[in-house]
1. Report the residue count in region 21-79 for those that are of a type in the set (Val, Ile, Thr), in a strand (DSSP E or B) and without any contact (Cβ under 8 Å) to a residue 40 or more places away in the chain.
2. So which residues in region 184-207 are in a loop (DSSP other than H, G, I, E, B), open to solvent by 70 Å² or more (accessible area, probe 1.4 Å) and not charged (D, E, K, R), if there are any at all?
3. Modelled with pLDDT of 95 or more and not β-branched (Val, Ile, Thr), is that true of Tyr190?
4. Considering only residues of region 154-183 that are open to solvent by 80 Å² or more (accessible area, probe 1.4 Å) and within 20 Å of the chain's Cα centre (by Cα), which is modelled with the lowest pLDDT?
5. If I filter region 80-90 down to residues being in contact (Cβ under 8 Å) with a residue 60 or more places away in the chain and more than 11 Å from the chain's Cα centre (by Cα), which single residue comes out as nearest to His160 (Cα to Cα)?
6. Does Lys113 fit the bill of being out of contact with any His (no Cβ under 9 Å at 6 or more places or on another chain), of a type in the set (Lys, Arg) and either open to solvent by 70 Å² or more (accessible area, probe 1.4 Å) or touching a residue at least 12 places away in the same chain (Cβ under 8 Å) (or both)?
Amino acid sequence: DFCIRIPNLNATLFRRTLPMLLKNHVIPLRRELPPSLELGTYNETRKMFEFKNGSILQFQHIEYDRDVDDIQGAELHWAGIDEAGQLTPYMIGWILSRVRLGEASERFKEYVKLDPSLQPYIDRLPRLAMSSNPGGESHHWLKENFIDPAPPEKIFEVEHKSPLTGRIIKKTRIFIPASMMDNTFLDADYEAQFDGMPEWQQKQLIE
């Protein structure tokens with residue numbers, strides 16, 4: 001949605017492995033955005049959907065901590081991490097450090113002057129959005145940083161001390177919970193398939 005509406009947007013979607021990206025994101029996206037829509041094309045070599053308005057949606061996997069070197073120097077206006085619990089806090093921290101507008105900030109302001117309907121989108125940039133099931137290497141980190149500080153669906157502020165100037169910089173976060181029952185596309189008896197799993201894993205998937 002951000003890429004379609006905002007020209008020249010740099011967006012990247014992360015997962016732990018390339019097969020996860022292909023199965024859960026690349027294949028569904030190519031079905032949703034076929035060539036007949038004339039919105040852009042998918043570049044198989046670069047694992048990137050290139051929109052006609054100049055925006056790009058890159059699909060990036062970070063399997064090992066050393067893989068963060070691949071995003072060093074990147075300027076990500078929008079970043080998404082699917083199954084963030086499977087990444088390490090180190091990986092998430094590195095991705096967050098790449099989320100910035102840079103020189104695009106002034107360009108986006110010009111876009112709003114030409115099309116005021118873009119303002120709600122620009123107001124939400126730069127942006128990091130993460131989804132996660134319980135469990136994984138960052139389970140406790142995510143809970144401590146997004147769930148424990150405030151009630152669900154309440155925006156809260158986090159203070160960061162600048163290592164450059166020492167000044168306090170405030171950023172906002174929000175935790176939006178979802179249970180299995182919120183997914184209207186699941187089969188009616190889907191949860192019966194959890195019967196052979198440990199009870200604690202059943203609870204994670206259902207709640």
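The values are calculated or read from the model by the stated rules, or taken from the named source; none is laboratory data. Note that the structure is a prediction, hence the values are computed from the model and not measured. Every residue, glycine as well, gets a Cβ built from its backbone with ideal geometry; the counts of neighbours run over all protein chains shown. Heavy atoms of the whole protein, side chains included, go into the accessibility calculation; ligands, DNA and RNA do not. Shrake-Rupley method; radii C 1.70, N 1.55, O 1.52, S 1.80 Å.
1. 1
2. Thr184, Phe185, Ala188, Gly196
3. no
4. Asp182
5. Leu87
6. Yes.
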